[in-house]
Amino acid sequence: MKRRDVIKLLGSSALAVPALATMGPAAAWAKPESLSIMTWGGLWGKSMKDNVDAAFTEKTGVAVVQDTGSSPVERITKLKINAGNQIFDLVQLHDGVVPLAESQGVLEPLDPNSPNMPYLAKIPERFRRDGWVAMIYSALGIAYNPELVKTPPKSFADLWNKDYDGQIVLPAISHSIGPYIIPIGALAAGKDLKDAEAGFEMLKKMADLNPIWAKDTDTIQSSLLSGEAAIGLLYKSQTYTVIKQGGNVKWVFPAEGAISYMSGTSIAKGTKNKEWAEKYVNTTIDPSLQGWVARVYNYVPTNQDALASLPVELQERVQFSDAERSRIIDLDQQFMSEKRAEWTDRWNRVVAGG
């Protein structure tokens, strides 16, 4: 039988099988024109664009498009809504909402053995979850203006001083760390971190002091910078940002203990560009690049090689002493994630005076 007769007998399927076999892996990992990432806007979005996105695009030729119009919880909702036809590739979240994202099944597992993410194995386990890796670390404490605060605060409880009526800046419930005011209130009352009733009683007292509820960290910083706020909650790292901009502000490690804060990157479940998304995640934790989080924001980079490469003076500024590290509190984020909807509803009713 001649070759042309075999083709006639089998029809087009004889050609289709090798064609599909050839297309499979190549089609799956076709190079995209761009990746879409949901992240924060403002100074953070610009810094990501300048220090991560630009480096990724230069190396891969793939552009990065930022979506900065949603809160972290809204980002998770967007991923869930688009699960059947995912339009996002990456999402940045802080540690407080990662359990929610995991429970919604919207994150791709990060494979430490993937050749696209060689730096993942270099990140300490404390800064990793199954579908998320942190790129920054700091601690939440008290920032205050020494010109406006007569007696320097020593503890979270000092935020409830009536002298600061109308001059306290705190994250609103929609902020990444908005729910933290509940365990902080419980701590200030001398109760257990998970004592929500004590936390909400303290929230009622705080609402009576007419605080400035900030929707994002930029607003917290600008309130302290302008003098509109005399005192508030802020990460140690970003206190230096306010100082650099000309603000008169000092940071206090609270007597009850400072609260850890981490933020990082995940790959969206169902992304059509997984290989390239993995390469982007790897860029966020590249030790040759990650030092920017210390230079720009005074955050601790999570890649220890990046930390070691910083000037000694900067290392000392961003890190915490051994005594302080022993008193940094890691909140039970799983517990708080399960309570988030309930706490959000209660927070809104308390702040609205209901």
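The values are calculated or read from the model by the stated rules, or taken from the named source; none is laboratory data. None of the values given here were measured: they were computed from a predicted structure. When we count neighbours, we look across all protein chains shown, and the Cβ atoms used for this are built from the backbone with ideal geometry, even at glycine.
Listed here are the residues, each with its yes/no results for (1) among the aliphatic types (A, V, I, L, M); (2) on the phi < 0 side of the Ramachandran plot.
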residue	(1), (2)
144	no, yes
148	yes, yes
165	no, yes
175	no, yes
184	yes, yes
193	yes, yes
210	no, no
222	no, yes
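The set of residues from the range 253-283 being closer than 21 Å to residue 98 by Cα, of a type in the set (Gly, Ala, Ser) and not in a helix (DSSP H, G or I) comprises 258, 260, 263, 264, 266, 268, 270.
Is it the case that the range 224-237 has a residue that's of a type in the set (S, T, N, Q), part of a helix (DSSP H, G or I) and in contact with a strand residue (DSSP E or B) (Cβ under 7 Å, 6 or more places away or on another chain)?
Within the range 224-237 (the criterion being of a type in the set (S, T, N, Q), part of a helix (DSSP H, G or I) and in contact with a strand residue (DSSP E or B) (Cβ under 7 Å, 6 or more places away or on another chain)), the answer is yes, since at least one residue qualifies.
One line per residue, one yes/no per condition, for (1) in contact with a Lys or Arg (Cβ under 8 Å, 6 or more places away or on another chain); (2) in the same structural domain as residue 37 (by TED's automatic domain parsing); (3) within 16 Å of residue 37 (Cβ to Cβ); (4) not in a helix (DSSP H, G or I):
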{"position": "76", "(1), (2), (3), (4)": "no, yes, yes, no"}
{"position": "79", "(1), (2), (3), (4)": "yes, yes, yes, no"}
{"position": "87", "(1), (2), (3), (4)": "no, yes, yes, yes"}
{"position": "112", "(1), (2), (3), (4)": "no, yes, no, yes"}
{"position": "115", "(1), (2), (3), (4)": "no, yes, no, yes"}
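Determine whether the range 221-242 contains at least one residue that is among the aromatic types (Phe, Trp, Tyr) and crowded, with 24+ Cβ neighbours inside 10 Å. The answer is yes, given that some residue of the range 221-242 is among the aromatic types (Phe, Trp, Tyr) and crowded, with 24+ Cβ neighbours inside 10 Å. The residue that is modelled with the lowest pLDDT, among those in the range 61-83 that are out of contact with any strand residue (DSSP E or B) (no Cβ under 9 Å at 6 or more places or on another chain) and over 14 Å from residue 104 (Cβ atoms), is 71. Here's a check for you: in the range 134-159, which residue that is of a type outside the set (Gly, Ala, Ser) and touching a helix residue (DSSP H, G or I) at 6+ places or on another chain (Cβ under 6 Å) is nearest to residue 204 (Cα to Cα)? Per the stated criteria, the residue is 156.
Residues in the range 71-103 that are closer than 20 Å to residue 332 by Cα and surrounded by fewer than 16 Cβ atoms within 10 Å (Cβ to Cβ): 103 only. From the list 176, 138, the lone residue that is in contact with a Ser or Thr (Cβ under 9 Å, 6 or more places away or on another chain), part of a loop (DSSP other than H, G, I, E, B) and either small (Gly, Ala, Ser) or under 21 Å from residue 325 (Cβ atoms) (or both) is 176.
I'm told residue 155 meets every condition in (1) within 27 Å of the chain's Cα centre (by Cα); (2) surrounded by 20 or more Cβ atoms within 10 Å (Cβ to Cβ) except one. Can you identify the failing condition by its number? With respect to (1) within 27 Å of the chain's Cα centre (by Cα); (2) surrounded by 20 or more Cβ atoms within 10 Å (Cβ to Cβ), residue 155 is out only on (2). Within the range 335-346, residues that are more than 15 Å from residue 176 (Cα to Cα) and in the same structural domain as residue 200 (by TED's automatic domain parsing) have Cβ atoms under 8 Å from residues that are in a helix (DSSP H, G or I) and among the acidic types (Asp, Glu) in no pair, counting only partners at least 6 apart in sequence or on another chain.
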